[in-house]
Structure formats: structure tokens, C-alpha cells
1. Can you give the average number of partner chain beta-carbon atoms within 10 Å of each beta-carbon in peptide A:123-133, as a whole number?
2. Could you point to the residue in B:TYR123, B:ASN137, B:GLY383 farthest towards the positive end of chain B's charge dipole, with +1 and -1 charges on the Cβ of Lys/Arg and Asp/Glu respectively?
3. On a 0 to 90 degree scale, rounded to 10, what angle separates helix A:163-178 from the longest Cα axis of chain A?
4. Counting only pairs 8 or more residues apart or on different chains, how many lysine pairs in the protein assembly as shown have their Cα atoms under 14 Å apart?
5. Ranking A:LEU50, B:LEU415 by Cβ neighbours within 10 Å, fewest first, what do you get?
6. Using packing as a proxy for protection, rank B:534-542, B:450-458, B:10-18 so that the peptide with the highest average count of other Cβ atoms within 10 Å comes first.
7. Could you please state, rounded to a whole Å, how far the C-alpha centre of the stretch B:24-53 is from the C-alpha centre of the stretch A:86-117?
8. Mind giving me the FRET efficiency for B:LEU31 and A:ALA279? R0 is 51 Å, r the Cβ-Cβ distance, nearest 0.05 is fine.
Amino acid sequence: MTTAISVSGLVKTFGRARALDELDLAVETGEVHGFLGPNGAGKSTTIRVLLGLLRADGGEATLLGGHPWRDAVELHRRLAYVPGDVNLWPNLTGGEAIDLFAALRGGIDKRRRDELVERFQLDPSKKARTYSKGNRQKVAVVAAFASDVELYILDEPTSGLDPLMEAVFQECVREVKERGRTVLLSSHIFSEVEALCDRVSIIRQGRTVESGTLAELRHLTRTSISVETTHPIAGLLEVSGVHDAQVDTTRAKFDVDTSELDHVLRYLTRFEVRTLTSAPPSLEELFMRHYGDELAGAR
Amino acid sequence: MSAFTGTARLTRLALRRDRIQLPLWILGTVLLLWTTISATREQYPTEEDRLQALTTVAGSPAVLILRSAPTNTSEGGMLVFQILTFLALLAGFMSTLAVVRHTRQNEETGRSEMLGAMVVGRYASLTAALVTAVIANAVLAMLIALVLVGSGLGGAGAVAAGVAVGAAGVSFAGLAAVVAQAAQGARAANGMAAAAIGIAFLVRGFGDAFGEIQANGYTMDNAWPVWLSPIGWAEQVRPYAGERLWVLALPLLLFAGSVAVSFALAGRRDVGMGLIAARPGPRSAKRALLSPLGLAWRLQRGTLLGWAIGVGAMAAVVGSLSGTVEEAYRDNAKAAETIAKIGGGGTSNLVDAFFAAMMAIIGAMVAGYVVQALMRPRAEEAGGPAEAVLATATGRLRWLGSHLAVAVGGATALLLLAGLCAGLVYGLTEGDLGTHLADMTGAALVQLPAALILAGVAIAAYGLLPRLAVGLAWAAFTVSLVLGQLGDLLGLPQAVRDISPFSHVPAVPAVDATAGPLLALVAVALAFGIAGMASFRRRNLAL
């Protein structure tokens, strides 16, 4: 696999504030890559550097084999972008804005555009000043997917969409993925990222703190187990990898480090397991674990 | 809860937001007055000097349009003649910008929606904007009176002058409240309010220019158009010339009336919407829109159309005045001298000198258009769609260049239109159509290089200091205007006046144009423009 986006040690400062602090990011061609982080972590700044809208102060960034600043115009022919904050021209209609964005990018598939307008239930004859946030976002999303490009950069594209439109959006992402396109998806919606993304990067205060497939990340965290046995459970608290255990003679609830799962289960079978449910960690839990101390600190 | 709940709090918020902007407006206006006082004293130290000057200009419509009709030869009277209408003009712009800023602009940015959801009455926002404007004008009026008293020009005249200017500002605040409700958006509201101020200034100008000169040879009976304009009312208060305070009832009535209308409109209008419901538009774009230039044209054409109407009408009126001007100058040898001097010497044709002065005003209007047009890229960049556009295969130079092309093309078209309108009307009323068309078109087009310099400065400001660009570009325009058009009045040395590009425009058709200064202006404009473009290409977007 080749690399669509490769960023290492990226630094961007605004005055004294360090928005990106040696950030790393690697997105392989053909994958859908989730880009996660709390507000102000530097997601949009990273994307704007990748688009050549901001100039990096340090580090390396390569986009589709080119330099994001020097080769901006050439690269932009090969990608489509949905900004986090969609601003349109109040006196142009949605349909005009879609055609304009697609034309400026280098061309439009008219049939695909009409099909997308239909699927997203957008009224393209309305002036943009009358659109809600969700409808403005639909304009940007339709304009992006109506272009057949190699890379889609989507900055929180669904934050204003209703659940039906969210489903349509997920279909669209799957379609471009099937055609071998690459997607960088910044999002706060965990279910969306879990449903769509092959790999995720979690950033915090301008640094990458975690990167990998969801399975890999899950491996780094804990699974919740709830178990009922025939014989009273003893000594569970001393088993390595077990956390937050609540034992009530033959019942127990606890979290276990996923890497220690095997020997914990072996230990439990001594007490004759009658029922067992296990819940793999959700992305949300992963995320909260990385930011939990920040939340705690804020309290 | 009444419809006015929260007004006091919103007023404090408005004053807090304007804590730099309004004091700058007020102090700038007062500074202009203060400079004029000392310049007037230096230039016209004695009653004799003043009488001579006023007798000369009384027969010169071109000067009267820009100043006002002389009322008497006292120091105060001279000062009022020189500067009162400009002070009223500045008070007008300060007021309309403030009212639109705190009403329509708040709606566009969604701030009103947040405020409207709080314990805030339906009319609170509009009332707070008006109260803010009234406070600003009251402070301005007080400072004007204080500066006059401090300069030894005390008495009823000082108070009348201050109040007359403040009342003009307040009446424009009322008009702005109406257009803020009626217009489609803040940009349109500001445009309509500015047009109203410009029309008020010109209407009064024609009233002054074509008044009847009285037996003493320098005071005049104004023609009736003066009474149609809030700026004309400020003159008619007649500070230092038998103050007529009852005239102040007119601006106050206009204010009360427009406030009533704006409240009625606010009561039946939805937040964020204009009075005219938005109609559905095309479902897909025409080919002409689908390029950076097509987009820039689409975004700017409305502004250009508004200016074209104003400039065309002004030029047609100017063209129609040739006969009147000739008549006014016929028996006035002194005026001939003055006008010839203004025209740069070498001509005794008063009508040509009049047209040169009028074309200079049109040139300044067109420069104003250029600055406004070139601030559009900044609006597109700051919280606008420029981010998404520049993330397409649109290069930065092509994007900014498209806006520049529309602005420069628009300026050329406006000047051409002005020349054609003036020449056509002139030729049709006086005969000899071909010559007059050519002369007027030439006189209009020589104004272009000065407008180009301001375009260059605007682009340079945008490229180098985007967050300050709007203020810097308008400051450059104002300074150029003051130094170029008022430098003489303020008694500034030629070296200082030469800073303004307007000082270098030849007074065509009164004198022949020479290529040298015009080419030099174009070269300076290019240097600014290239510097701005180069730094825009290299900088971060200031989103």
C-alpha cells in the first residue's frame, strides 16, 4: 500500500500558542482514516496545513506524493474538502454553489450530482441564506462526493445532519472506499467512526497520542466482563490485569486488560462458569481513557 | 417582560464593542474641525480677506457644491462655510455604520439569535443601536461646541454648530434603522445608507450652488433643494449668522418618523430575513458562473450596479449644468480668476474648470467604489467561503486577481459611463455633441490612475495585514480625500498634499493631460499591487 497522507513532526504556531506540536499522521491509500480529538486539539489546523491554507512552521507533510504548500493547486484537483464550518454565498442557490465548487475543482459528474441531491433530499433552488446548518453541510458534502477524486478530506461533515442523512453519508463513504479512494474523516461521532474507519488517529494538544486499527487500539485497553459461576469466586482481585472488580460470592463484574484476557478466563473456569458476557471497549471508552485525566483535571 | 426589556444592557454591550471605533470617528471629526479653524485663521486673518474670498466663491458653483452657501464674514461664519457640511457628512457615516452594525450585522452573524433567546425584548436590539448612535452624536456635538468655544468662537454659534451636526447624524441614524430592516442584508443596508448620505450631500450642494446671490455680493438665498437634505438643514440652522434653532425640528421629526417606521417594520419581520421574501433561484449554475472570475463578477455586480446608478445620475446632472454655470460666471471676473487657479492655470474657460472639479468628485467616488470592491476578498476570507474555494484547484493569485479584475474593470466602466452621461447631456443641451462627448470622456478617464493607486494600497494592505486591511484601506482613502480635496482648505503645504493621488490628476478638460504624472501614478499602483499579491501568496489564510 502507498501512503496518501504522511505527516511527521508537524509544528504550527499562532503567536505564542503552539497549535500543532510535532504531530504525526499516516493515511494509507484506499483506507478510511478516522481523525479524533477534543475541540481545539488541532484537527482543523492539521487539515488546513494539508490543504496549503496555512503554512507549516516545522516538520514534513506529504499529500498524494506532493508538497501541500508548493503544489497546492495541482493537489487540489485530486481531492475534495468539506470544511468544518460551511460558509456559502447568501445570494447564490445551493445548486449554484455545488456546481461552482465542483467546477473549480475541475469537473462535475452531472448525473452523480443530481443523484446525490436526490439522496440527501436537498432543495438546490433555495438561496443559501435560507439554509439551516445541516442543509449548508449537505451542499458541501454533495459538492465533494459529486467529484471523482482520489482523496476526500472531511472535517466533521455530519455534525449538523439528522440520523437519516447520516446513514446516507455513510453509504457515500463506503461507495468511494469501494472504488479505492482514500478518506480522512475528522469526527466526534464515535458510532460513525466505528462504522466507517479502518484506522484511527487520536490527537491531543497538537500531538498524536494513539494511532492504529480499531482492533489494535482495543487491544491496548480493557474489556468489561460480567460472570456467574457455580462456586464462589476467590482471589480474583489478585489476578494480574483485573481492575475495578466487584465480587458477590458467585457473581463478579470487572474490567480486564485485553492483553491479559486469556489467563483471566482460564482462572475463572476453576469456579465453573455458568454465564459470561463480555463487552469490548467502545471507541468512546478509548477516547475517554485518553482524555479522562483532562476531564478530571478540569473539574 | 416588555418589548424593550434588556435595552440598557444591550446598549452597554454596543458601547463596549465600539469603545475604539466610535471615539476614533468622533475625535477624527473634531480634529478636522480643529485643523480647519487654525488654517482658516492663517489664510483669512481679517474681515477684508474673508469678504474677498466669499465674494469670489459666491459665483462659483463648483466650490459651493463642496462647501456651503456663505452666510457672513465673521470668523465663525467663514468656518461654517468651510467645514460644516463635511462635519455633518462624517456624523452621518458614523451613525449609519453604527446602527447597521448593531442591528443587521448582528442578525447575519447569528448573534441576534442568541440574544433573542435570552431575556431580551423584541425591540431591545434596535433601540440599543439607536441609543448608541444618539449618544455618539451627543458627544460629538458637545466636543464640537467645546472646540469652538476653546478657540474663542463661543456663544450661541458654537452650540448651534455642534447641535446642527449632531442632529444631522441622528437623522441619518433613523434612516439607517429603516434600511437595516428593509434591506436583504447588512452589506446592502450599509450601501443604501451610504447612498442616502451621498444624495443628501449632493442635493444640498445643488441647492447652494444655484442659490440667488444677494445685493451684498456674497450671501445667498439658497435654492429649494437645500431643504430636502438633513445636511442642508444643518446649514439652515445658520450658526454664527442669526441662529435659527427651530430648523432643528426637521431632523428631529425625520428621526422620530423613521424610528416609528423601523419599529413597525421590526415588529412584522422575521429575524435574519428582508422585507422581500427570498425567491427560489436556479437549481444549477450557468456556465458563466463557473470560474473564479465568474464568481467574483457575480459577487460584485450588485455593488457595481448601485455605484453605476449613482455615478451616472451625478454625471448627467453635472452635464446639464453647463448653461447655468456659464451664466453664473458671466459677470464675475474674480470667480474666473479663482477657478482658473484651481484649474491649474492656463485656461480662462470657466465651464471647463467647473467640469474638471466635478470630474474630480466623480473620480473620488470611483476610488471609493474600488476600495469597497477590494474589501470583498477579505469578507470572503474572514469566516466566509474563501476557505472552501481555495481548497479547490483555484490558485490564490487567480482568486484575488479575479476580484481585482472586476474592481479595475468596474472602475473603468464607471468612469466611461460618467464621461458618456456628462458628455451626452452637455452635447444635447448645448450642441456640438461629438466634441463634448470626447472631452467629458477624456476628463473622466484621467481619474482612473488615482483610483488604481487606492486599489494598489487596498491589495497591499490585504496581502500584508489582512486583519487590519479594511481599516487601513478606508483610512488611505480618507487621507487621500482630505489631503487632495481639502488640502487647500486646510492650508497644508504642497509637499503634504502631494501624498494624495488625487493631487496629481490633471484638471482635464481645463488643462491638457500629460502622460508623465499619469504613468507615474500607474507605476506606483502596480508596485503596491504586486507587493500585495506576492505577500498574499505567501501568507497564512486569516480565517
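The numbers here are math on the coordinates, done by the rules we state, and not lab data. What you see is a predicted model, and the numbers here were worked out from it, not measured in a lab. Because the Cβ atoms are built from the backbone with ideal geometry, glycine has one as well, and the counts that use them run over all protein chains shown.
1. Working: counts 2, 6, 6, 5, 5, 3, 7, 5, 0, 0, 1.
For peptide A:123-133, the averaged partner shielding equals 4.
2. B:GLY383
3. Once rounded, one gets 80 degrees.
4. Working: A:LYS12/A:LYS43; A:LYS110/B:LYS286; A:LYS126/A:LYS138; A:LYS127/A:LYS138.
Count of close lysine pairs: 4.
5. On the way: A:LEU50 28, B:LEU415 25.
With the sparsest Cβ surroundings first, the list reads B:LEU415, A:LEU50.
6. On the way: B:534-542: 15.1, B:450-458: 27.1, B:10-18: 17.9.
Top of the packing list down: B:450-458, B:10-18, B:534-542.
7. Using only Cα atoms to place each centre, the spacing works out to 58 Å.
8. Values: r = 73 Å, r/R0 = 1.42.
The calculated FRET efficiency here is 0.10.
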